[in-house]
Amino acid sequence: MFQETEINLNPLVLDEIKHLVSERAIAGETVLLNMGPQHPSTHGVLRLLLELDGEQVINCIPDIGFLHTGIEKNMEAKTYLKAEVMTDRIDYLNNMGNNLTYCLAIEKLAELDVPPRAQAIRVILAELQRIESHLVWLGTHALDMAAMSVFLYCFREREVILDIKELISGQRMMTTFIRPGGLWRDVPVEFEDAVRNFIKIFPERVNEYERLLTKNPLFMKRTKEIGMLPPEVALQWASPAPRCAALA
């Protein structure tokens, strides 16, 4: 995963990154390290050029573009309905959200009206999907810091949401349940009780994560004051101006 490098090994991007690394790196006083790219079957494939002073990361330059799925090109040759199955696979943590945004675009183009009941179910499903995504993030984030229990607890709650998705569609992840104009079909009668049960148990489960992590000395040591941005840089990154202006 890690490979030591020299800044002059890649002349094609030298001019692009030279202003992003410190003079110490150019002089060889700090170490430039390639982190990745990892195996293309993993999610979030990218290369990070790290500048290290001992064990401290003092700079990080992301290099994206190592994974191209060709989804957009494939969708060009399909009907609106057949192309939708590909939106499930853009991001395995946001299947419902991707379905929804795709369908909203079609409905806007075709001036389709969605029944109120379908709209309400869409919102519920999108919110459950959002919570599921956050559970994967929190669980894996904790796992990276050796908090195995939090990982298992988060995936315990994620399984409840996956069960709800399977209940309505027969699939745990790639449901393609949200369709242009509404939904694939109405939800079964068990849907309401399943969602209400999740809503009932989840707040206490969040409190459980809080008790395990929020004031945990190891968690605080490994996250507090890490990767901080000055307020003015954060505002620049949030503005429509080019991001490189914040790094210059």
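The values are calculated or read from the model by the stated rules, or taken from the named source; none is laboratory data. As the structure is a computational prediction, the values presented were derived from the model and not from experiment. Counting neighbours? That spans all protein chains shown, and the Cβs are built from the backbone with ideal geometry, glycine included. For accessibility, only protein heavy atoms count, side chains too; no ligands or nucleic acids. Shrake-Rupley method; radii C 1.70, N 1.55, O 1.52, S 1.80 Å.
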Going through segment 196-217 in order, the residues found to be of a type in the set (A, V, I, L, M, F, W, C) and under 14 Å from Glu157 (Cα atoms) are Phe198, Ile199, Ile201, Phe202, Val206
Step by step: first the residues of segment 90-131, then only those that are in a helix (DSSP H, G or I) and farther than 23 Å from Asp186 by Cβ, then the one that is nearest to the chain's Cα centre (by Cα). Which residue is that?
Ala105
Six or more apart or on different chains, Cβ under 6 Å: which pairs go from a residue in segment 162-173 that's closer than 15 Å to Arg130 by Cα to one that's outside any helix (DSSP H, G or I) and basic (Lys, Arg)? Could you list them?
Leu162/Arg172; Lys165/Arg172
Kindly list, by first and then second residue, each pair from a residue in segment 223-248 that is modelled with pLDDT under 80 to a residue that is assigned to a helix (DSSP H, G or I) and among the β-branched types (Val, Ile, Thr), limited to pairs with Cβ atoms under 6 Å and residues at least 6 apart or on different chains.
Ala246/Val233
Scan (1) closer than 30 Å to Ala110 by Cβ; (2) modelled with pLDDT of 95 or more; (3) in contact with a Leu (Cβ under 9 Å, 6 or more places away or on another chain) for the single condition Met173 breaks and write down its number.
(2)
If we keep only residues of segment 187-222 that are touching a residue at least 40 places away in the same chain (Cβ under 8 Å), open to solvent by 60 Å² or more (accessible area, probe 1.4 Å) and among the charged types (D, E, K, R), then the residue farthest from Arg117 (Cα to Cα) is Arg222
Filtering segment 159-183 for residues that are assigned to a helix (DSSP H, G or I) and small (Gly, Ala, Ser) leaves a count of 1
Filter result (closer than 13 Å to Leu125 by Cβ and of a type in the set (D, E, K, R)) within segment 160-184
Lys165, Glu166, Arg179
With a cut-off of at least 1 residues that are modelled with pLDDT under 75 and open to solvent by less than 60 Å² (accessible area, probe 1.4 Å), name the strands (runs of 3 or more DSSP E) lying wholly within segment 5-67.
none
Among the listed residues Val85, Val150, which satisfies the condition of being crowded, with 18+ Cβ neighbours inside 10 Å and in contact (Cβ under 8 Å) with a residue 60 or more places away in the chain?
Val150
Do we find that Phe155 is open to solvent by less than 50 Å² (accessible area, probe 1.4 Å), touching a residue at least 12 places away in the same chain (Cβ under 8 Å) and not basic (Lys, Arg) in this structure?
no
Taking the criterion of being open to solvent by 30 Å² or more (accessible area, probe 1.4 Å) and under 18 Å from Asp186 (Cα atoms), would at least one residue in segment 132-144 satisfy it?
no
